Structures are given as structure tokens and as C-alpha cells.
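The values are calculated or read from the model by the stated rules, or taken from the named source; none is laboratory data. None of these values were measured; they are calculated from a predicted model. Backbone-built Cβ (ideal geometry, glycine too); neighbour counts: all protein chains shown. Only protein heavy atoms, including side chains, enter the accessible area calculation; ligands, DNA and RNA are left aside. Shrake-Rupley method; radii C 1.70, N 1.55, O 1.52, S 1.80 Å.
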Amino acid sequence: MKRLDLKERFLPAPRAGGFQMEGYWVWCGSAIRGEDGRYHLFASRWPKTLPMHPGWLLASEVVRASADQPCGPYRFEEVVLPARGPSYWDGRMTHNPHIMKQGDTYILFYIGSTHPFADVQPGEAVGLDDPRVVVARTNKRIGIATSKSITGPWKRLDEPVFTTRPGRFDSLLVSNPAPCLCADGSALLIYKARAYIAPPYVGLLHGEMTIGAARADRLDSPYRRLADDPIFGQGEDCIEDPFIWQEEGRFQMIAKDMRGNICGERYGGIHAVSEDGVHWEMQRGELAYSRSVLWDDGKTELMGNLERPFLLFEEGVPTHAFFATSDGTNGFMDATKTWNMVIPLRA
């Protein structure tokens, strides 16, 4: 197994880099160099008049920001995927953007959801048991939008490109798309899923998170599952937020270790490799990256979150790592600020 230790390649993170917006929670973060030679970051935002969690389920929207350099700072440009009405599958919320390009077409993966209830009002209390939240969570699906230019216009589909299956581990929701453009032009999609649980229902009516795999002829083609069962199951080896790429014919993955049983740090980064995208060999006991971040002012800080990892590749080499991050000490539960941060990598 080829060893990957991103943290050994991390340079100090610029305090003034990344992307943040006054008055908004900012999450996710996926960057690409556009046809204009500049760098464009696709992220999620929702107003701070709502709680960070679960406010994103009701009001997140995908936006684009730009910068002259990969580290930023990125400046807001536009809302790319706004709310478009409850009758659409993605009519109430868009989230988890991941930007790719195949040929002359930009392909933006994202998740969307909808619900039939009234809009949430600024300052309104919103909890996990709110009917809007419960329904929005169960309606999470994966979609794509396409454009010939990084600045749009973006063509959205009236149906998701990837949805749920009854009676399987992904019967409730699919989310967190992690696409990979393979050397032969096909696409591998790793995704997060949850299942309905059998009655009597407990808690929020869903099972633990699992990870599945699918394949398509192209990034924008129909996807077919590669396995009926999860490739990463629930329990002690639970992971989230995978990012994948292909290197020397093998698939590589970094992801968040939900319990710390794989890499040794809760919410730290794991590394795994695969020949086929289904069977993965994990690098146990090795920390691909840590929530402890060295900033360019010389201070090391344990971040409340370091999630949604994304690597920017230029000429086939990863040059920068992007993360959704927060202040606070208890994940995003006590966060007062969230943003997307960038860490440059040594060659």
C-alpha cells in the first residue's frame, strides 16, 4: 500500500486565505482553475439567522467565489444554485458542491432537497425534530449541473442523477458525492448513505451512515451501483466526507474518521487505496491529516472541524488542500464561525 501522509506536506495555512462571508455560515469547498486562468471555489452558505446545524438542511445554497491565487482570499461572485421552489427535487436546498471538468464541460456535483412546509423565518427555533428538517433530510439526493463556462449559465436537471433504493442501505438518503474522473474517461462515485430503520422507530428514524460506490461511463452519465452492500459499513470503522482520485491505476481516498478507530484521532483523516473502487485497504494507525492546524502566524490551533476535504490538482499533482472548518471545541455544535480554509502543499 502506497503511504500517504498529507500532514507532512502541509505548509502553514494563510490566515487571510480561504473563503468566508459576514452574516453566513460557510461550508464545503471545491476549487478549480477556470478558463480565465483564475481560481473558482464552489461552497455552501446559509444565513446565520438560522442555527448552523440543522439550518443547512433548510436554507443552504451553492455559491461561487473567485481568487487570483489558489489560497485566496476568495471573493463572493454569485449564487450558482439558488432555491427554485418546493416542487423541484432540489427546490429548497443545495449543498456539498464538487466541481469537475470533462472535455469542454464543467460538471458540478451537489446534493439537493425539498419539503412542502412553510419557509423557516429568521430567528425561528429549528431543531432536529422539526418536520421541515426531518423531511428535508429524507429527501437528500445527488444531482449535477453543467456549463461550458465556469461562470455559467448552469443547466440543472429536473431529476437527481443518483437516488435511493428501497430495502437497501441507501433507502433513506444519498449525499456527500465524491466523484472521480478515471483515466479511461469513466467515473467512479463514492457516496454517503443512510437506511430507513424498521419500526418501532427510534430517534430520527434512520440508520447509521454508510458509504457506497457506483460507476458511470462519464461523469454526467447514469450511475450503476457496484455493490449491494456498503463498501464501508457502520460501527467502529465509520467514515464520512470521502475525497477520491486515481493515481498510477489505483484509487486513493482520504476521509474523516468519525470515531478515531482507524487513524487514531477522532475526526482526523484516514487514507485508503483500492484497485476497483469497492474493496479498500485502509492505512490503519496512520493519520493522513489532523485537526491541529499550523497557521502562517506561527500558531497551532485545534480546529472545531476539519471536514469535506478537497485536493486541488494541477498538472496531475495535488498542490492545495481545502477544508470546511470552524471555531469552537465541540465540532460545529458550539461554533460561532465557519469558513473554508486552504493549506498549500509542498511539492
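Is it true that some residue in region 70-81 is hydrophobic (A, V, I, L, M, F, W, C), more than 20 Å from the chain's Cα centre (by Cα) and more than 17 Å from ARG156 (Cα to Cα)?
no
Can you tell me how many residues in region 1-49 are within 25 Å of MET100 (Cβ to Cβ), outside any strand (DSSP E or B) and among the charged types (D, E, K, R)?
Qualifying residue count for the region: 5.
Listed here are the residues, each with its yes/no results for (1) in contact with a Ser or Thr (Cβ under 7 Å, 6 or more places away or on another chain); (2) under 25 Å from LEU57 (Cβ atoms); (3) at pLDDT 95 or above.
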{"position": "GLY143", "(1), (2), (3)": "no, yes, yes"}
{"position": "LYS148", "(1), (2), (3)": "yes, no, yes"}
{"position": "PHE162", "(1), (2), (3)": "no, yes, yes"}
{"position": "ARG168", "(1), (2), (3)": "no, yes, no"}
{"position": "LEU181", "(1), (2), (3)": "no, no, yes"}
{"position": "ALA195", "(1), (2), (3)": "yes, yes, no"}
{"position": "PRO200", "(1), (2), (3)": "no, yes, no"}
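Anything in region 89-120 that is in contact with a helix residue (DSSP H, G or I) (Cβ under 6 Å, 6 or more places away or on another chain) and of a type in the set (Ser, Thr, Tyr)? List them, or say none.
Selection gives SER113 alone.
Give all pairs with beta carbons closer than 7 Å in which a residue from region 239-251 that is open to solvent by 10 Å² or more (accessible area, probe 1.4 Å) meets a residue that is in a strand (DSSP E or B) and among the hydroxyl-bearing types (Ser, Thr, Tyr); count only pairs at least 6 apart in sequence or on separate chains.
Qualifying pairs under 7 Å: ARG250/SER274.
Does ALA288 satisfy the criteria of being in contact with a helix residue (DSSP H, G or I) (Cβ under 6 Å, 6 or more places away or on another chain) and open to solvent by less than 10 Å² (accessible area, probe 1.4 Å)?
yes
So which of GLU35, GLU22 is without any contact (Cβ under 8 Å) to a residue 12 or more places away in the chain and farther than 16 Å from THR319 by Cα?
Within the list GLU35, GLU22, the selection yields GLU22.
Of everything in region 50-62, what is outside any helix (DSSP H, G or I) and touching a residue at least 40 places away in the same chain (Cβ under 8 Å)? Give them in sequence order.
Listed by number, the residues that qualify are LEU50, PRO51, VAL62.
Only one of (1) in a loop (DSSP other than H, G, I, E, B); (2) surrounded by fewer than 16 Cβ atoms within 10 Å (Cβ to Cβ) fails for ALA335. Which number is that?
The failed condition is (2).
Residues that are more than 30 Å from GLU248 (Cα to Cα) and in a strand (DSSP E or B): does region 66-74 have at least one?
yes
Can you say whether LEU302 is under 19 Å from PHE332 (Cα atoms), of a type in the set (A, V, I, L, M), free of Cβ contacts under 8 Å to residues at least 60 places away in the same chain and open to solvent by 60 Å² or more (accessible area, probe 1.4 Å), as far as the supplied structure shows?
Yes: the conditions hold for LEU302.
Considering (1) open to solvent by less than 40 Å² (accessible area, probe 1.4 Å); (2) over 15 Å from GLY55 (Cβ atoms); (3) of a type in the set (A, V, I, L, M), say which one VAL126 fails and leave the rest.
Single failed check for VAL126: (2).
Go over the candidates PRO153, PRO131, PRO116, PRO82 one by one and state the one that is at pLDDT below 95, surrounded by fewer than 18 Cβ atoms within 10 Å (Cβ to Cβ) and farther than 25 Å from CYS182 by Cα.
Just a single option satisfies the conditions, and that option is PRO131.
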